[in-house]
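Encoded as structure tokens, the structure appears first; notes follow it.
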Amino acid sequence: MTRRAGIVGLGLIGGSVGMALRERGWHVIGADHDPQACADAIEMEAIDEVGDVAASDIVFVATPVGSIVPVVRDLLDRGAPLVTDVGSVKAPVTAGVDDQRFVAGHPMAGNEHSGVRGARGDLFHGAVWVLTPGEHTADSSYATVRSVVADLGADVVAIEAGAHDQLVAVVSHVPHLTAVSLMALADERATEQRPLLRLAAGGFRDMTRIAAGQPGIWLDICRENSAAITSVLDQLIADLTRVREQVVSDDRPGLLETLDRARRARLSLPMGVPRDSALAEVRVGIADQPGSLARITRLATDIDVNIYDLEIAHSVEGQGGMLIMIVPASTGERLVGALIASGFGPSIRPLESE
């Protein structure tokens, strides 16, 4: 039987989700308030048809952040069996929707293009897709959404919603605003020194590439994540002030330490675990209640253990089940130790390569 997915919001992310799902045999129904976006999505083969998405097996809400909560609530009220979203701010969303059928999410992917015309079916290959299930999210809902987005090629991690918003302020929101400020500075200087933008080389272009993204979506993001963004901006301004003082005072040892620390941090950014690495199977019993699965997967994220795959084997007595996780063998014991420290009774065994 063909699986059916719905997408509300046919922009870059929504269109890319649709393309990726269709490549995997899903029948995708789309909806958008803009008729042109709907027409473009069909032409780009991001969706199969425009229509009512509520009866789909899973619905992705890819609207601007400020409208996610009312859209999700409406879908759930109309009987949608499973809903997730792709917004880059999560705490207001999880606070605004309390339903076992909803799993909040955020794919950390994108490009400088806007609209469905920039959509790509491979956009999520190797990208991190964050899930922030709420207190009452059913384990079955969480497991299904995780399975679907992992099948799109994403590395799925579970994080508490508030922590997610603090983290993305550092790695996404403030970098975007910084790129915007740099681009504005260059544009202003270019009115006085016409050759300036012609001299902009690779480094400047790399740093400011994201400034070419759709500006409209950032209004909601900055409003919904204002506290975290403001905090990070304050720290960035303080750091830039310190660098300015090092430059003004010709503090060469201090400036060298600042540059070297940044270089070492940049070189140590995680590159992911190779998919052909040795694997291990970790098993742990879980209770049959909302949040059990999310608690364990958030723990794995906290200790930097990548879960390649998971499955819940339900008990015939209906009192719980066995969670089976496939993880890199190099980090399996770390996960087992953390689970034991958290009161679980896990087991681990290596998986032989074929």
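Can Ser56 be described as part of a loop (DSSP other than H, G, I, E, B), buried (at least 20 other Cβ atoms within 10 Å of the Cβ) and not basic (Lys, Arg)?
Considered against the rule, which asks whether it is part of a loop (DSSP other than H, G, I, E, B), buried (at least 20 other Cβ atoms within 10 Å of the Cβ) and not basic (Lys, Arg), Ser56 comes out as yes.
I'd like to know if segment 219-227 contains one or more residues that are part of a loop (DSSP other than H, G, I, E, B), modelled with pLDDT under 95 and within 27 Å of Leu12 (Cβ to Cβ).
No, there is no match, as no residue in segment 219-227 is part of a loop (DSSP other than H, G, I, E, B), modelled with pLDDT under 95 and within 27 Å of Leu12 (Cβ to Cβ).
This table checks each residue for (1) on the phi > 0 side of the Ramachandran plot; (2) part of a loop (DSSP other than H, G, I, E, B); (3) at pLDDT below 90.
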site: Thr297; (1), (2), (3): no, no, no
site: Val305; (1), (2), (3): no, yes, no
site: Glu311; (1), (2), (3): no, no, yes
site: Leu323; (1), (2), (3): no, no, no
site: Gly332; (1), (2), (3): no, no, no
site: Leu339; (1), (2), (3): no, no, no
site: Gly345; (1), (2), (3): no, yes, no
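For segment 33-72, name all the residues that are more than 22 Å from the chain's Cα centre (by Cα) and not hydrophobic (A, V, I, L, M, F, W, C).
Within segment 33-72, His33, Asp34, Pro35, Gln36, Asp40, Glu43, Glu45, Asp48, Glu49, Gly51, Asp52, Ser56 qualify.
So that you can scan it fast, the table gives a plain yes or no per residue for (1) within 18 Å of Gln214 (Cβ to Cβ); (2) surrounded by fewer than 18 Cβ atoms within 10 Å (Cβ to Cβ); (3) at pLDDT 90 or above; (4) under 16 Å from the mean Cα position of the chain (by Cα):
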position: Asp74; (1), (2), (3), (4): no, yes, yes, no
position: Ala91; (1), (2), (3), (4): no, no, yes, yes
position: His106; (1), (2), (3), (4): yes, no, yes, yes
position: Ser114; (1), (2), (3), (4): yes, yes, no, no
position: Tyr142; (1), (2), (3), (4): no, no, yes, yes
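For segment 228-280, what are the residues that are modelled with pLDDT of 90 or more, within 27 Å of His164 (Cβ to Cβ) and in a loop (DSSP other than H, G, I, E, B)?
Matches in segment 228-280: none.
Which of (1) within 25 Å of Arg24 (Cα to Cα); (2) free of Cβ contacts under 8 Å to residues at least 24 places away in the same chain is the odd one out, the single condition Asp77 does not satisfy?
(1)
Looking for whichever is buried (at least 21 other Cβ atoms within 10 Å of the Cβ) and either in contact with a strand residue (DSSP E or B) (Cβ under 6 Å, 6 or more places away or on another chain) or assigned by TED's automatic domain parsing to the domain that holds Pro70 (or both) here; the options are Gly14, Gly51, Gly25. Which one fits?
It is Gly14.
The values are calculated or read from the model by the stated rules, or taken from the named source; none is laboratory data. Remember, predicted model here, so these are calculated numbers, not experimental data. Cβ: placed from backbone, ideal geometry, glycine included. Neighbour counts: every protein chain shown.
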